[in-house]
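Reading through the structure tokens given below for one structure.
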Amino acid sequence: MITSKKDYKTYIQADRSALRINGGKFLWLKQIVAPNYIWVFQKRLRKLEYYRNCRKDVFGRVYYNLLKIRHRKLALKLGFSIPENVFGPGLSIAHYGTIVVNSKARVGKNCRIHVCTNIGASGGSFKAPQIGDNVYIAPGAKIYGDIKIANNIAIAANSSVGKSFDEEFILIAGSPAKKIKNIEIKNLISNID
């Protein structure tokens, strides 16, 4: 969670690296001519998190509400329903399309997430998944309930994950999900240190 200006800058840099956006001199011009809307969305998300968590003054509250309106418009355009303070640094949204995330969910650093993904509560409970670092979530994955997903896991396309997985460096798949094989997560998420 972003708790200072330094954290904010760290998150922005990690997200830029995860999306493979070069920070050259003319990045601002490229964003005007051919904007990368996912990058714009992620920058606004991080700015919202900063103003929500760090700026408690009157100006900060007013600016936060204005940012929230702009952010919500872009989220509707792209099909994202991603609340603040859920994802750690290094978030990489792969494509435009429906992504729905519960505000109680927590996802660690270096998550790569694809379209048609749902991370939410289940069965009337308000508890949502707690997902570790370096997790790859393929298109169509459904992750739900009061579960924990360990670090360094890949979740295959169209999987339904409703139970916890504690073992690292595995691929889980199916409906219901189960361990398929051991993997090297660096082959799926390129920005891991």
Label zone at Asn85, where the point sits 7 Å out along the Cα-to-Cβ direction: region 137-162 residues whose backbone N lies under 15 Å:
none
Where only protein heavy atoms count, and the probe is 1.4 Å, what is the accessible area per residue for the chain in Å²?
52
On the accessible surface of the chain, probed at 1.4 Å, how many percent belong to carbon and sulfur atoms?
55
J(HN,Hα) series, region 132-144, from Karplus relation 6.51 cos²θ - 1.76 cosθ + 1.60, nearest Hz, glycine and proline x
x, 7, 6, 10, 9, 10, 6, x, x, 6, 10, 10, 8
Loop only per DSSP, at most 16 neighbouring Cβ atoms within 10 Å: give me the chymotrypsin sites (Phe, Trp or Tyr not before Pro) in region 142-171, ordered by residue number.
Phe169
Expressed in angstrom and rounded, the centroid-to-centroid distance over alpha carbons for region 1-72 and region 98-175 is 24
Considering the zone a paramagnetic label at Val40 would reach in this model (a point 7 Å from Cα along the Cα-to-Cβ line), which residues of region 70-87 have amide N under 13 Å from it?
70-79
Loop GluC sites (Glu not before Pro), region 97-193 (other Cβ atoms within 10 Å of the site Cβ: 11 or fewer; DSSP)
Glu167, Glu184
In whole Hz and in residue order, list the ³J(HN,Hα) couplings for region 40-46 that follow from phi through the Karplus curve 6.51 cos²θ - 1.76 cosθ + 1.60, θ = phi - 60°; x for Gly and Pro.
4, 4, 5, 5, 5, 4, 5
Hey, what number do you get for the chain at 222 nm if only DSSP H runs of n ≥ 4 count, each worth -39500 (n - 2.57), divided across all residues, to the nearest 500?
-10000 deg cm²/dmol
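The values are calculated or read from the model by the stated rules, or taken from the named source; none is laboratory data. Bear in mind that the values here come from a model prediction, so they are computed numbers and not experimental data. Positions of Cβ are backbone-derived with ideal geometry, glycine not excepted, and every protein chain shown enters the neighbour counts. Just the protein is used for accessible areas: all its heavy atoms, side chains included, with ligands, DNA and RNA removed. Shrake-Rupley method; radii C 1.70, N 1.55, O 1.52, S 1.80 Å.
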